[in-house]
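Enquirer: There's a structure below that I have some questions on.
Values in this text are rule-based calculations from the coordinates and carry no lab data. These numbers come from a predicted model, not from an experiment. Cβ sites come from the backbone with ideal geometry, for glycine too, and all protein chains shown count toward neighbours.
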Protein chains: 2
Amino acid sequence: MLKQVIIVRLDLEMGKGKLAAQVAHASVEGFYRVLNKNKDKALEWLKTGAKKIVLKVQTETELLKIYEDAYKAGLEAVIIRDSGLTQLIPGTITAICIGPESEEILDKITGHLKLL
Amino acid sequence: MLKQVIIVRLDLEMGKGKLAAQVAHASVEGFYRVLNKNKDKALEWLKTGAKKIVLKVQTETELLKIYEDAYKAGLEAVIIRDSGLTQLIPGTITAICIGPESEEILDKITGHLKLL
């Protein structure tokens, strides 16, 4: 089973609409990245329900550590920065997305994190 | 300026992770739909910041009324149903996405709704 894992920072105390928009940014960017690199995988994910898991961390440092782990493991991952028109300083890192990728592979990197 | 409008039901009382995942489902599906129908528009939206606005309604009836308005106006819109593995009954309509489309056109349909 393929899934996306989207991880968001809770320390920024974003409102729930802002938070949802950051998760959506991450999901779309992650999907488009894999669509360009491995179209079959991206479309298989979409056709099998486009499973998404949203997890949380408390700091930017934690978030970037997981991004680094994903990168080192050869996984497709994207970093989302807020455009800063509301609530946050421009360029603030809010979320990352890893995948779509197989659950087994993703769980090795993010299995220890808690659901949002 | 192109944007996506994503509208979610508040009456389902989804947790914030669940809510964010529904918004992401809607955004990805809406993007992919427009990518297939009008690739230039979808990519222009992506390259200009992939603006997303998340709005709220209180009922399924309200949500479907807006979907119908968008459909009648010839806009690309998608309905998101939850797979029902957690929290909700399978097939529950949770959200819709309209666009990417120009702000002026979208605001005629959704300008009266409140931000999530």
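Enquirer: Using the Kirkwood formula on the Cα atoms of the protein assembly as shown, what hydrodynamic radius do you get, in angstrom to one decimal?
Expert: 17.6
Enquirer: Taking neighbour Cβ counts within 10 Å as the exposure measure, how do B:46, B:12, A:85, B:115 sort from fewest upward?
Expert: A:85, B:115, B:46, B:12
Enquirer: Test of understanding: in a Gaussian network model of chain B with alpha carbons linked when under 10 Å, which of B:86, B:48, B:94 would top the mean-square fluctuation ranking?
Expert: Evaluated over chain B, the most mobile residue of the options is B:86.
Enquirer: Quick one: Cα centre-to-centre distance for the range B:55-81 and the range B:27-50, in angstrom?
Expert: Spelled out, the Cα-based centre of one part sits 19 Å from the other.
Enquirer: Can I ask one more? State the Kirkwood hydrodynamic radius of the range B:2-115 in Å, one decimal place, computed from all pairs of distinct Cα atoms.
Expert: By the Kirkwood definition, the hydrodynamic radius is 14.0 Å.
Enquirer: Other chains near B:22-35: what is the mean number of their Cβ atoms within 10 Å of each residue's Cβ?
Expert: Across B:22-35, the average partner-chain Cβ count within 10 Å equals 6.
Enquirer: For A:2, B:75, A:19, what ranking results if the residue with the fewest other Cβ atoms within 10 Å of its Cβ goes first?
Expert: Starting with the residue having the fewest Cβ neighbours, the order is B:75, A:2, A:19.
Enquirer: Can I ask one more? Restricted to Cα positions, what overall size does the range B:1-62 have along the principal axes? Three whole-Å values, descending.
Expert: The principal-axis extents, from largest down, are 37, 23, 19 Å.
Enquirer: Here's a follow-up. Treat the count of other C-beta atoms within 10 Å as a stand-in for reagent exposure and order B:9, B:33, A:81 from fewest to most.
Expert: By the 10 Å Cβ count, ascending: A:81, B:33, B:9.
Enquirer: In the protein assembly as shown, what percentage of the DSSP-assigned beta bridges are antiparallel, given to the nearest 5?
Expert: Close to 70 percent.
Enquirer: Could you tell me which of B:75, B:61, B:106 has its Cα farthest along the dipole of the protein assembly as shown towards the positive end, charges placed at Cβ (Lys, Arg +1; Asp, Glu -1), taken about the Cα centre?
Expert: The residue sitting farthest along the positive end of the dipole is B:75.
Enquirer: Give me the dipole magnitude in Debye, nearest 20, for the range A:2-115 about the Cα centre, with unit charges on the beta carbon: positive for Lys and Arg, negative for Asp and Glu.
Expert: The calculation lands at about 260 debye.
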